[in-house]
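The values are calculated or read from the model by the stated rules, or taken from the named source; none is laboratory data. Treat the numbers as computed from the prediction; the structure is a model and nothing was measured. Cβ placement follows ideal geometry from the backbone for every residue including glycine, while neighbour counts extend to all protein chains displayed. What goes into the accessible areas is simple: the full protein's heavy atoms, side chains included, and nothing from ligands, DNA or RNA. Shrake-Rupley method; radii C 1.70, N 1.55, O 1.52, S 1.80 Å.
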Amino acid sequence: MAAQEGSSPKYRRIADALKQAIAAGEFRPGDRLPGENDLMDRHGVARMTARQALGVLTSEGLAEARKGAGVFVRDFQPIRRRGVPRLAREQWGQGRSVWAADVAERDLVVDAVTVDEERASGGVAAWLGIAPGDAVTVRRRRFVLDGKPVLLSTSYLPADLVADSAITQPDTGAGGTYARLAELGSAPARFREEVRSRMPAPEEADRLGLPAGTPVLLISRTAITADGRTVEANEMILDSSAYVLEYDFDA
């Protein structure tokens with residue numbers, strides 16, 4: 001499995017060779033990859049080059065480093081986030097979580113849930129169409145799938161709209177926030193999502209358990225009623241290596 005010669009850096013050629021071996025089934029999910037010493041001997045490179053090659057695989061989500069044990073092929077099935085059906089009213093309107101469209105029977109845990117009332121910053125106020133300083137209910141949570149943190153979510157909702165409802169509690173009940181908004185007479189009729197990529201802040205990388213160099217996806221979602229009122233602004237930070245974003249709609 002010698003790295004092919006070419007114009008790309010040696011560490012990149014070694015990483016490409018390892019990726020080809022994984023794709024060919026030479027290394028299965030959970031298998032230990034050749035260590036730094038093995039790669040140094042096999043490819044005649046310095047330790048730093050071997051380390052960089054393994055770092056490429058961890059940063060791309062193909063492998064994970066286990067302290068004191070080595071680097072292993074990642075045993076994690078990416079989440080196929082179905083952007084259109086997951087937000088359909090027939091999903092949350094029938095008491096199902098929007099996540100049900102993505103994870104089926106996999107083990108999903110929502111932890112670190114906090115619900116607070118805060119004053120809207122200028123940015124949040126503009127997003128919700130309210131005045132800066134108005135009260136907003138802020139829901140923060142982390143989503144852990146199959147034991148791996150995959151997403152951090154922060155939702156902002158007008159406090160006067162959701163006061164005394166289950167939305168102000170950690171557990172919003174069947175169908176989640178959107179089902180409760182419907183019960184309040186403010187069901188979302190339209191959603192808008194913006195997607196971009198950036199490097200994570202240190203706290204984000206720590207909470208998601210990201211290897212160095214792994215970017216995150218930032219999805220900003222706006223939920224809007226039929227009469228044009230914005231009832232939720234949701235900022236989601238995703239481990240980019242854990243997701244496939246799927247958008248399937250009619251022409």
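How do 160-171, 43-54 rank on mean C-beta neighbours within 10 Å, highest first?
Numbers: 160-171: 15.2, 43-54: 17.6.
Ranked from most to least packed, the peptides come out as 43-54, 160-171.
Counting only other residues whose beta carbon sits under 10 Å from that of Leu108, what net charge do I get with K and R as +1, D and E as -1?
Residues near Leu108 contribute -3 overall.
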**Fill in**
Of the candidates Ala159, Thr137, Ala187, the farthest towards the positive dipole end of the range 106-195 (Lys/Arg Cβ +1, Asp/Glu Cβ -1, centred on the Cα centre) is Ala187
**Item:** Debye, to nearest 20: dipole size of the chain, +1 on Lys, Arg Cβ, -1 on Asp, Glu Cβ
**Value:** 660 debye
**Asked** With Cβ to Cβ distances under 11 Å as the rule, what net charge do the other residues near Phe72 carry (K, R +1; D, E -1)?
**Response** +1
**Item:** Alpha-carbon centroid distance for the pair the range 151-227 / the range 8-37, whole angstrom
**Value:** 37 Å
**Asked** Assigning unit charges at the beta carbon (Lys, Arg +1; Asp, Glu -1) and nothing else, what dipole magnitude in debye, to the nearest 20, does the range 169-213 show about its Cα centre?
**Response** 220 debye
**Message:** Over the range 58-179, with the other protein chains present, what is the accessible area per residue in square angstrom, probe 1.4 angstrom?
**Reply:** 48 Å²
**Fill in**
Per the helix-only model, the chain has a calculated mean residue ellipticity at 222 nm (DSSP H runs of ≥4, -39500 (n - 2.57) each, divided over all residues, rounded to the nearest 500) of -7000 deg cm²/dmol
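Packing-wise, with mean Cβ within 10 Å as the measure, how do 124-132, 58-66, 151-159 rank, highest first? Walk me through the numbers on the way to the answer.
Numbers: 124-132: 16.1, 58-66: 18.2, 151-159: 20.6.
Result, highest mean first: 151-159, 58-66, 124-132.
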**Request:** Could you work out how far the C-alpha centroid of the range 126-142 sits from that of the range 76-99, in angstrom?
**Result:** 24 Å
**Asked** What does the charge add up to near Thr230, with Lys and Arg as +1, Asp and Glu as -1, over the other residues with Cβ less than 12 Å from its Cβ?
**Response** +2
**Asked** What nm distance separates the two modelled labels at Ala46 and Ala182, each placed 7 Å from Cα along Cα→Cβ?
**Response** 6.1 nm
**Fill in**
Taking placed amide H atoms and a strict 5 Å upper bound, the residues 5 or more places from Ile130 or on another chain that come that close are none
**Complete:** Once normalised by the length of the range 103-181, the mean sequence separation of its alpha carbon contacts under 8 Å that are 6 or more apart gives a contact order in percent of 27 percent
**Complete:** Amide H proximity to Asp31 below 5 Å, modelled H, separation 5+ or other chain, gives Val73
**Prompt:** On the accessible surface of the chain, probed at 1.4 Å, how many percent belong to carbon and sulfur atoms?
**Reply:** 47 percent
